[in-house]
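The values are calculated or read from the model by the stated rules, or taken from the named source; none is laboratory data. Predicted model, so just to flag it, every value in this text is computed and none were measured. For neighbour counting, all protein chains shown are included, and Cβ atoms are generated from backbone atoms with ideal geometry for every residue, glycine included.
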Amino acid sequence: MFEQTFKNIDDILHKDAGCSSELDYVEQTSWVLFLKYLDDLEKDKKTAAELSGKTYNAIIAPEYQWSVWAMPKNGDGKLDHHKALTGDDLKDFVDHKLVPYLKKFKTDALSPDNIEYKIGEIFSELKNKIQSGYNLREVINRIDELRFRTHSEKHEMSHLYESKIQNMGNAGRNGGEYYTPRPLIKTIVKVVAPKIGDKIYDGAVGSAGFLCEAFEYLLHSKGKSENLTSKDIETLQKKTFYGKEKKSLAYIIGTMNMILHGVEAPNIVHTNTLAENLADIQEKDRYDIVLANPPFGGKERAEVQQNFPIKTGETAFLFLQHFIKILKAGGRGGVVIKNTFLSNTDNASVSLRKLLLEGCNLHTVLDLPGGTFTGAGVKTVVLFFEKGAPTRKVWYYQLNLERNLGKTNPLNENDLAEFVELQKTFENSENSWAVDIKDIDQTTFDLGAKNPNKKEEAVLRQPQAILEEMKALDKESEQILNSILKLL
């Protein structure tokens, strides 16, 4: 039901002059979806309060509640067309009354770690782009069909929202920065293995995939989510997940994604992580776990580079310095980075490898095949490290698949099952091997190790080379024949 509803909404937005791409569809679906989700959340809280004999004070004032402005219903539970706004009346109400009202929550909230502040923050960043009030009415009617009352409904909703984000990621290059394949994220979380009580951080949060998956992982860390104590739940809700995001749309999508997964007031801040000077990071600012896929290929301005000991324009290299610095001693990291990081010979790459190897135990490198990231031409690796002790030995795993990865044939969790199993004991296999740090070049710290256990395959030659050889053989044959003819 949810999937069909999303398709219908996309069809409506496709016809609207204010929405021109998949990015707009996700953004505009998001804010309406969020208000419906909020309405269901309020109903649940009201019911829970009544059951325990308490009074529930609604977050949203009566005239701005979903059941009043969006879906006033008659006695039969159907939309009351006499009361329901549509066309210009609806658009004017949303643009000039509803959004300014919701925006004010940010300044009125008592602290940033509650849902009221998040509502204000979301609507400070977001505006209604749907130009036709009639299209907006259709979108509202469709979203009202969705329910977020049971656990399975919320789970299905968050899963579908993820697939919308994935489509957005594939819709354009600026969207592509937000989406890391879910099977890869789940695998990274499994290997880093966070515990309840750990503070988990992603400084390039994007659509918050790492934080959402870490939340799911921790929810089931004691077998079932029902086995968690109320203290555990409060810890997960308020003191576990932290993120920063520079881009407005990614920030909104990330915040919404976490709320839809069940984290009511995500600690995600809208800021440029790299604008923070590394020298200003103190012990109180540090985290137990870093999980991230920082954007690569970006270029940062000279004044931003001044915040880092190793100066470089490559965004991902600045992020890696930030992650190493912001981890507590004994803290663990799982970070995706371009595979050229392992062996580039420029000063920044060499200095950064030295910093990583001397300040952290880089125990595992997962080497991923091309096509892991849909539409991205770069090959990537995942670095798993622990801060506080130098690296003695690096265990490599090269993911060799029997198929080419692509949009119709994406990475799945099964592909990574052997890696997860072997990584527990750092076992050697046809796809895995270990390198002693004493054996690498101590001036370049080149980590681009070649798999010594992989059977060499015959390299297929280019057609041009084969034709050249055929021509040479023909010439040779002609010379031999001519020699024989002379002898006759």
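Tabulated data for the structure shown
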| item | result |
| --- | --- |
| Lone unmet requirement of (1) modelled with pLDDT of 95 or more; (2) in a helix (DSSP H, G or I); (3) loosely packed, with under 10 Cβ neighbours inside 10 Å for residue 421 | (3) |
| Yes/no for residue 348 being closer than 24 Å to residue 199 by Cβ, in the same structural domain as residue 285 (by TED's automatic domain parsing) and surrounded by fewer than 23 Cβ atoms within 10 Å (Cβ to Cβ) | no |
| Selection count, the stretch 127-166, where residues are among the basic types (Lys, Arg) and not in a helix (DSSP H, G or I) | 4 |
| Any chance residue 283 is in contact (Cβ under 8 Å) with a residue 40 or more places away in the chain, within 24 Å of residue 126 (Cβ to Cβ), among the charged types (D, E, K, R) and not assigned by TED's automatic domain parsing to the domain that holds residue 37 | no |
| Any hit, the stretch 216-238, residues being under 19 Å from residue 125 (Cβ atoms) and either among the β-branched types (Val, Ile, Thr) or surrounded by 19 or more Cβ atoms within 10 Å (Cβ to Cβ) (or both) | no |
| Strands (runs of 3 or more DSSP E) lying entirely in the stretch 218-324 (those with 1 or more residues that are of a type in the set (Ser, Thr, Tyr)) | 241-245, 287-292 |
| Within the stretch 333-406, strands (runs of 3 or more DSSP E) holding 2 or more residues that are touching a Cys at 6+ places or on another chain (Cβ under 9 Å) and either modelled with pLDDT under 95 or within 20 Å of residue 308 (Cβ to Cβ) (or both) | 380-387 |
| Of all residues making up the stretch 360-396, the number that are closer than 17 Å to residue 440 by Cα and of a type outside the set (Lys, Arg) | 11 |
| Of all residues in the stretch 47-99 being β-branched (Val, Ile, Thr) and farther than 22 Å from residue 145 by Cα, the one that is surrounded by the fewest Cβ atoms within 10 Å (Cβ to Cβ) | 55 |
| Residue check, residue 287 among the aromatic types (Phe, Trp, Tyr), buried (at least 19 other Cβ atoms within 10 Å of the Cβ) and under 23 Å from residue 187 (Cβ atoms) | yes |
| Criterion (within 22 Å of residue 266 (Cα to Cα) and not assigned by TED's automatic domain parsing to the domain that holds residue 266) met by exactly one of 55, 29 | 29 |
| Any chance residue 313 is surrounded by 15 or more Cβ atoms within 10 Å (Cβ to Cβ) and farther than 28 Å from residue 121 by Cα | no |
| Within the stretch 158-170, considering residues that are of a type in the set (Gly, Ala, Ser) and touching a Phe, Trp or Tyr at 6+ places or on another chain (Cβ under 9 Å), the one modelled with the lowest pLDDT | 169 |
| Unique residue being modelled with pLDDT under 95 and part of a loop (DSSP other than H, G, I, E, B) when the list is 411, 447, 485, 481 | 411 |
| Within the stretch 218-272, considering residues that are among the acidic types (Asp, Glu) and modelled with pLDDT under 85, the one nearest to residue 23 (Cα to Cα) | 264 |
| Residues being within 23 Å of residue 111 (Cβ to Cβ) and touching a Leu at 6+ places or on another chain (Cβ under 7 Å) - total across the stretch 219-239 | 1 |
| Qualifying residue in the stretch 104-111 (condition: surrounded by fewer than 13 Cβ atoms within 10 Å (Cβ to Cβ) and within 23 Å of residue 28 (Cβ to Cβ)) | no |
| Selection status of residue 472, at pLDDT below 85, surrounded by 10 or more Cβ atoms within 10 Å (Cβ to Cβ) and within 27 Å of residue 346 (Cβ to Cβ) | no |
| Yes/no for residue 42 being modelled with pLDDT of 90 or more and either under 23 Å from residue 145 (Cβ atoms) or crowded, with 16+ Cβ neighbours inside 10 Å (or both) | yes |
| Residue in the stretch 101-117 that is of a type in the set (Lys, Arg), part of a helix (DSSP H, G or I) and out of contact with any helix residue (DSSP H, G or I) (no Cβ under 9 Å at 6 or more places or on another chain) present | no |
| Flag if residue 37 is surrounded by 15 or more Cβ atoms within 10 Å (Cβ to Cβ), among the hydroxyl-bearing types (Ser, Thr, Tyr) and either touching a residue at least 60 places away in the same chain (Cβ under 8 Å) or in contact with a strand residue (DSSP E or B) (Cβ under 9 Å, 6 or more places away or on another chain) (or both) | yes |
| Residue selected from the stretch 385-412 under the condition among the charged types (D, E, K, R) and in contact (Cβ under 8 Å) with a residue 24 or more places away in the chain, by the criterion nearest to residue 283 (Cα to Cα) | 387 |
| Residue within the stretch 458-469 that is over 26 Å from residue 370 (Cα atoms), of a type in the set (A, V, I, L, M, F, W, C), at pLDDT below 80 and outside the structural domain of residue 347 (by TED's automatic domain parsing) present | yes |
